[in-house]
């Protein structure tokens, strides 16, 4: 996917309110209709000028990553109580309550399809969205480590990969639904197994 070069003239005029939303909406329209996302197509669909798009995102990959992340939340972790119970509730209770309301499985699968086909998009999505979303979860695991709820030698990056990875495996590899009771139980068992290994 061609990158948008940084604007050599700097930021220029102030941003017009509503432009970001129109550009993102146009990108999602193109994505959802399986059309190629290009600057020309975005200008046509959004009615926003090419220059305005250049001012907002350093690359086309960053713009598409922002569009694909619409509807995702940055989890807040309450670390005042037991960390294991808090994370379990977030993953198996709050996750179920929000699933499909703001971020559909269809959009999730489309993100995987596009990012696996384009390493630039994959890196942009990781750096601008996934890493930030993980920060609170990693901080919670660090808190658990300080409280001796998990071992001091636990690699929390690897631990979080494993805790979240069980969900991805069900959805991506198995093609299962989280509404399926057996799938949910596998995830619960995976969570418990990882946590047991960290204690």
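Once C-alpha pairs closer than 8 Å and six or more residues apart are averaged by separation and normalised to the residue number of segment 19-68, the relative contact order reads 46 percent. Rounded to the nearest 10 degrees, the angle from helix 181-198 to the longest Cα principal axis of the chain is 70 degrees. Footprinting exposure proxy ranking of 160, 30, 116, fewest other C-beta atoms within 10 angstrom first, gives 116, 160, 30. Between residue 174 and residue 154, full extension at 0.36 nm per residue minus the direct alpha carbon distance yields a gain of 4.4 nm. The simple spin-label model puts a point 7 Å past each Cα toward its Cβ; for residue 112 and residue 22 those points are separated by 3.5 nm.
Listing 44, 84 from fewest to most neighbouring C-beta atoms within 10 Å gives 44, 84. Taking every alpha-carbon pair under 8 Å whose residues sit at least 6 apart, the chain reaches a relative contact order of 19 percent.
Spin-label model, residue 138/residue 80: points 7 Å from Cα along the beta carbon direction are separated by 2.6 nm. Once C-alpha pairs closer than 8 Å and six or more residues apart are averaged by separation and normalised to the residue number of segment 133-199, the relative contact order reads 33 percent. Our estimate of slack between residue 35 and residue 72, defined as 0.36 nm per intervening residue step minus the Cα-Cα distance, is 11.1 nm. Calculate how steeply helix 19-32 sits against the longest principal axis of the alpha-carbon atoms of the chain, using the helix alpha-carbon long axis, and give the answer as 0 to 90 degrees to the nearest 10. Its long axis makes an angle of about 70 degrees. Here the convex hull built on the C-alpha positions of the chain has a volume of 149 cubic angstrom per residue. Between residue 93 and residue 196, what length in nm is gained on full extension when 0.36 nm per residue of separation is reduced by their alpha carbon distance? Here the answer is 35.0 nm.
Dividing the summed helix terms, -39500 (n - 2.57) for each DSSP H run of n ≥ 4, by the number of residues in the chain produces a 222 nm estimate of -17500 deg cm²/dmol to the nearest 500. Cα axis of helix 156-168 to longest principal axis of the chain: angle in degrees, 0 to 90, nearest 10? Between the helix axis and the principal axis of the chain, the angle is about 80 degrees.
Throughout, read-outs are computed from the coordinates displayed, never taken from laboratory work. Only a predicted model underlies this, so the values are computations on that prediction, with no experimental measurement involved. Virtual Cβ from ideal backbone geometry, glycine too; neighbours counted across all protein chains shown.
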